[in-house]
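What follows draws every value from the coordinates through simple rules; no lab data is involved. Predicted model only: the values in this text are computed from it and were never measured.
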Amino acid sequence: CTSGFGIQPAIRMLHAPVFYGCTFSASAEVDPSTSDGQVRSVCAAAGLNVAEEKAVVSNLTAAGETSIQLARPEADPSHPGTWWFWGAADNIRLAAANAVKLAEMLL
């Protein structure tokens with residue numbers, strides 16, 4: 001989903017012993033002229049649910065959802081062209097939704 005955009009992601013997953021869900025922090029280096037709107041559009045086109053400004057994204061807010069919840073991407077002021085992402089997903093629902101999608105594609 002990032003081919004042609006020149007995006008080189010770096011992902012760090014944080015996993016704590018919680019009942020459900022997982023969260024992650026990721027950064028991506030893109031062309032420094034890339035705007036906030038372009039970054040959000042690419043994320044949405046990739047199937048991520050991008051939250052509105054100042055919305056809280058956590059394993060609790062992702063509970064029951066079948067897509068990855070993504071907080072509004074933030075530009076790194078010390079590294080032009082670097083964007084930081086915070087996301088969360090319901091690990092059970094997301095896996096089940098992906099299994100259904102794969103089964104539908106195979107049938």
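Please compute the Kirkwood hydrodynamic radius over the stretch 17-102, one decimal place, Å, based on all pairs of different Cα atoms.
Values: mean 1/r = 0.0736 Å⁻¹.
It works out to 13.6 Å.
3J(HN,Hα) couplings calculated from phi for the stretch 94-107 with the Karplus curve 6.51 cos²θ - 1.76 cosθ + 1.60 (θ = phi - 60°) are, in sequence order, 4, 5, 5, 5, 5, 5, 5, 4, 5, 4, 5, 5, 7, 8 Hz; Gly and Pro show x. Using the Karplus relation 6.51 cos²θ - 1.76 cosθ + 1.60 with θ = phi - 60°, the per-residue 3J(HN,Hα) values for the stretch 34-45 come to 5, 8, 4, x, 5, 4, 4, 5, 5, 5, 5, 5 Hz, with x marking Gly and Pro.
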